[in-house]
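One structure is given here, and the rest of the page talks about it.
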Amino acid sequence: MQRGDNILPYTEMEELMRCDLCQEDAAALFAWSYEAGLVDNGTESTFEDNLCVVPFITCVRLREALADGGPQDGYIINLTGRPEDMDVSDVPQILQQRGAPLVFSEVFYRLRHVVCFWAAMLAMQGSLGDDIAKVTSLRAFYLFEVDGFEGPLPSTIGELPYLKGLYIMNMASISRPIPPSLTSLPIELGGWKSMEVLDLYNNNFSGPIPAELGQLSKLRRLSLGSNRLSGLIPAELEQLSKLRQLYLARNRLSGPIPTELGQLSKLRQLSLRNNSLSGPIPAELGQLSKLRQLSLENNSVDIDICSYRHTDINN
């Protein structure tokens with residue numbers, strides 16, 4: 001999704017000209033697209049014949065490893081309103097011409113073969129409902145600068161068994177705490193066992209960082225920067241043994257930097273700037289041999305520069 005994430009790498013997918021499994025969603029997908037003003041009534045036969053030719057749909061086959069035990073065939077919904085994409089896609093023009101905002105209505109939750117939903121820089125109405133848990137095929141979900149979306153984020157999104165990446169960014173309308181139930185489900189019931197990237201950058205989340213995030217054993221990137229999160233950095237994050245990037249900058253976090261972060265042996269980037277952290281920098285961070293970027297400016301922390309030979313330090 002984001003550059004370098006490799007959540008759904010093109011090298012691990014084959015684009016399909018036709019997808020029989022995807023066709024099972026034809027009626028529901030047309031109904032939702034028509035409701036959202038993306039298509040007119042005359043295009044229903046196109047969905048019935050082959051939904052893979054719809055401009056904002058890409059049908060794909062995931063390689064077995066990427067499928068992670070789930071169905072390999074599915075489709076991507078790509079809705080981007082960026083004007084710069086007009087040269088390569090009809091979608092921005094379609095989005096500009098429609099008269100209604102997008103809505104996550106009941107019919108959307110009947111989709112069973114969408115592997116990725118991508119929406120950026122467009123108008124939307126209402127919120128994401130608890131029934132998102134029914135769209136079990138999702139591997140990645142991306143919302144960026146979607147105007148009019150109402151929070152909070154439903155905790156049931158944590159029930160999606162194959163979700164690898166959740167991106168909710170630049171959405172000031174989303175507020176309230178990050179629901180701990182997003183990550184506290186028993187692993188045998190799903191509980192984001194596949195989650196590799198959680199990016200909730202630049203929203204309006206408040207409250208503490210849930211300690212339950214430490215249960216996401218496959219997480220490679222955790223980005224919670226530019227919110228209103230407060231309290232301590234949970235020591236439970238030490239359990240994220242695969243974590244490479246940790247962004248907690250521009251929040252209201254306080255207290256010391258946990259010594260437990262020194263256990264994140266694969267960490268390459270750590271950004272804690274613009275918080276209210278205090279006290280000494282844990283000597284354990286000096287053991288992070290792969291760390292290349294450590295940002296601590298605009299805190300009240302003490303640095304022993306000699307302990308960080310591997311790191312470019314900003315304070």
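Here, each number is a calculation from the coordinates, and none is a lab measurement. What you see is a predicted model; the values in this text were computed from it and never measured. Cβ coordinates were reconstructed from backbone atoms using ideal geometry, including for glycine residues, and neighbour counts include every protein chain displayed.
Side notes on the structure shown:
- Cα centroid of the range 34-64 to Cα centroid of the range 215-274, whole Å: 40
- Net charge in the neighbourhood of residue 239 (other residues with Cβ under 12 Å of its Cβ; Lys, Arg +1, Asp, Glu -1) is -2.
- Taking other residues whose beta carbon is less than 13 angstrom from the beta carbon of residue 28, and scoring Lys, Arg as +1 and Asp, Glu as -1, yields -4.
- Cα centroid separation, the range 95-152 to the range 275-300 (Å): 38
- Proxy reagent accessibility, fewest Cβ within 10 Å first, across 7, 94: 94, 7
- Per principal axis, descending, Cα span of the range 10-254 in whole Å: 57, 37, 32
- Globularity index of the range 203-244 is 1.16 (Cα radius of gyration / 2.2 N^0.38 Å, N = number of residues).
- In plain terms, the residue of 53, 103 with the fewest other Cβ atoms within 10 Å comes first and the most crowded comes last, giving 53, 103.
- With neighbour counts taken as other beta-carbon atoms within 10 Å, the residues 33, 295 rank, fewest first, as 295, 33.
- Environment charge of residue 261, counting only residues whose C-beta is closer than 10 Å and scoring Lys/Arg +1, Asp/Glu -1: -3
- Pairwise FRET efficiency - residue 266 versus residue 97, Cβ, R0 = 35 Å, nearest 0.05: 0.15
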